[in-house]
1. Does the stretch 306-320 contain any residue that is open to solvent by 40 Å² or more (accessible area, probe 1.4 Å), more than 30 Å from ARG78 (Cβ to Cβ) and assigned to a loop (DSSP other than H, G, I, E, B)?
2. Give the residue, chosen from ALA321, ALA310, ALA272, ALA299, that is of a type outside the set (Phe, Trp, Tyr) and in contact with a Ser or Thr (Cβ under 8 Å, 6 or more places away or on another chain).
3. Does ARG125 meet the test of being charged (D, E, K, R) and touching a residue at least 12 places away in the same chain (Cβ under 8 Å)?
4. Find all pairs meeting these conditions: Cβ atoms under 8 angstrom apart; at least six residues apart or on different chains; first residue within the stretch 364-386 and on the phi > 0 side of the Ramachandran plot and surrounded by 14 or more Cβ atoms within 10 Å (Cβ to Cβ); second residue at pLDDT 90 or above and not acidic (Asp, Glu).
5. Out of the residues in the stretch 20-72 that are basic (Lys, Arg) and within 18 Å of the chain's Cα centre (by Cα), which is modelled with the highest pLDDT?
6. Sort out which residues of the stretch 90-111 are open to solvent by 10 Å² or more (accessible area, probe 1.4 Å) and within 19 Å of TYR71 (Cβ to Cβ), and write them in order of number.
7. Exactly one of these conditions fails for ALA324: (1) open to solvent by 20 Å² or more (accessible area, probe 1.4 Å); (2) touching a Lys or Arg at 6+ places or on another chain (Cβ under 6 Å). Give me its number.
8. Give ALA134, ALA158, ALA147, ALA138 a once-over and let me know the one that is small (Gly, Ala, Ser), in contact with a Lys or Arg (Cβ under 9 Å, 6 or more places away or on another chain) and farther than 19 Å from GLU86 by Cα.
Amino acid sequence: MSALLVTDDRDQDAGVRGLGTAEYRSFLASRADVSFLQCPSWGDVKDQWVAERVGWSLDNGELTGAAQILYRQFPGTRKYFAYLPEGPVADWADPDIDRWLQPLLRHLRRAGAFAVRIGPTPAYRRWDAARLKAATGAGRRIGDILATEVDPLGSAVAERLRTRGWRRCGGDDHGDADAQPRHVFRLPLFGRGTEQLWAGLNQEWRRNVRTAHKAGVRIVTGTAADLPEFYRLLRITEERDGFRLGRSLAYYQRQYEALNAEQPGRMRLCLAVHRGEVLAAHTMITVGRRVWYQTGASADHRREVRPSNALQWQMIQDAHALGAEVYDMRGVPSTLDPQDRPFGLLRWKLGTGGQVVETLGEWETSMGGTTNNALYRAFQAYLARR
């Protein structure tokens with residue numbers, strides 16, 4: 001921790017304490033619902049933030065929750081914005097969340113935080129692929145469609161946070177203010193064989209995978225040396241699809257090094273090669289029984305050999321072979337309008353037969369007090385201008 005963030009251990013809440021990396025990793029290994037964003041290696045990736053790891057116990061001293069906190073200093077002050085991406089790793093089913101949430105907030109206040117953003121992990125709503133495909137139309141959005149399932153835990157957690165003064169970033173209708181995607185696409189793997197997963201692909205996906213195989217597309221695992229090619233294809237993809245991630249090649253190189261130093265194979269670079277040329281490159285991250293398809297890139301030419309479909313099908317099979325229970329394809333747009341440019345990404349992922357999951361999104365609160373509230377308002381104004 002930076003010297004500005006050191007707190008006196010004698011002033012710690014009885015249940016909240018700093019954790020060494022080994023103890024923190026050991027706790028994460030005991031949980032099945034941990035995001036890669038809560039792994040220590042992710043703190044190494046975010047070089048403009050200072051990372052701290054804490055844990056808490058409620059009864060017999062055994063850890064019952066933990067969090068990786070990223071701090072970013074507000075310019076010209078000794079105050080920090082605290083961010084817990086897809087965290088904390090806590091018992092969200094506990095109806096008395098104040099038992100661990102209030103001590104955590106007191107810890108953050110002592111560390112100099114003027115505000116905090118968290119990412120509760122329970123799901124809010126789910127939509128099956130078939131339901132959304134049938135509901136596409138002009139001006140329609142996912143939120144307009146009756147969900148296949150509403151998660152009672154997610155609804156309860158949202159209400160508990162609201163009554164405690166937390167604000168859902170972007171409100172209930174828009175997740176644009178979230179740093180992490182509010183709508184994600186997940187393919188359940190648990191209890192399913194590869195034959196069932198293949199049958200779950202729609203007809204177009206199965207045809208495209210066969211086309212790629214007949215054309216001689218090969219799927220290989222890349223190395224750090226292939227990251228510049230991945231990044232070149234990513235820039236092509238961003239220009240073609242009209243988005244900009246704003247990340248450098250050095251960012252992906254740092255990510256690849258940090259995640260794989262923590263656990264070999266945690267981050268993979270998967271390549272689709274045709275006639276000796278890389279036509280598609282996707283990154284894959286594994287933590288416990290979850291696998292994420294994080295970032296995808298592809299060339300503009302020879303798209304008729306369907307390299308991305310073949311690549312994703314192999315990644316799904318690899319995730320299944322690793323024992324993953326869920327294959328998370330990360331963010332999707334909320335539009336169901338075929339005329340909207342972003343809809344193409346959702347349509348592509350729907351073809352795998354999974355589900356769109358609306359997470360609870362990210363929630364914020366000020367640490368309270370005149371100075372903290374003023375800094376929080378200034379911080380919100382800054383984000384609104386970006």
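1. Scanning the stretch 306-320 turns up at least one residue that is open to solvent by 40 Å² or more (accessible area, probe 1.4 Å), more than 30 Å from ARG78 (Cβ to Cβ) and assigned to a loop (DSSP other than H, G, I, E, B).
2. Working: ALA321 fails: in contact with a Ser or Thr (Cβ under 8 Å, 6 or more places away or on another chain); ALA310 fails: in contact with a Ser or Thr (Cβ under 8 Å, 6 or more places away or on another chain); ALA299 fails: in contact with a Ser or Thr (Cβ under 8 Å, 6 or more places away or on another chain).
Only one candidate qualifies: ALA272.
3. On the way: charged (D, E, K, R): yes; touching a residue at least 12 places away in the same chain (Cβ under 8 Å): yes.
It is true that ARG125 is charged (D, E, K, R) and touching a residue at least 12 places away in the same chain (Cβ under 8 Å).
4. GLY368/ARG109
5. Our first condition is that a residue be basic (Lys, Arg); within the stretch 20-72, this holds for 25, 31, 46, 53, 72.
Now narrow it down to the ones that are within 18 Å of the chain's Cα centre (by Cα): 31, 46.
Values: ARG31: 90, LYS46: 94.
Filtering first and then ranking leaves LYS46.
6. Result: PRO103, LEU105, ARG106, ARG109, ARG110.
7. Just one mismatch for ALA324, condition (1).
8. Values: ALA134 fails: in contact with a Lys or Arg (Cβ under 9 Å, 6 or more places away or on another chain); ALA158 fails: farther than 19 Å from GLU86 by Cα; ALA138 fails: in contact with a Lys or Arg (Cβ under 9 Å, 6 or more places away or on another chain).
None of the others qualify; the one that does is ALA147.
The values are calculated or read from the model by the stated rules, or taken from the named source; none is laboratory data. Predicted, not measured: the structure shown is a model, and the values here were computed from it. Cβ coordinates were reconstructed from backbone atoms using ideal geometry, including for glycine residues, and neighbour counts include every protein chain displayed. Each accessible area value is taken on the protein alone, full model and side chains, heavy atoms only, with ligands, DNA and RNA left out. Shrake-Rupley method; radii C 1.70, N 1.55, O 1.52, S 1.80 Å.
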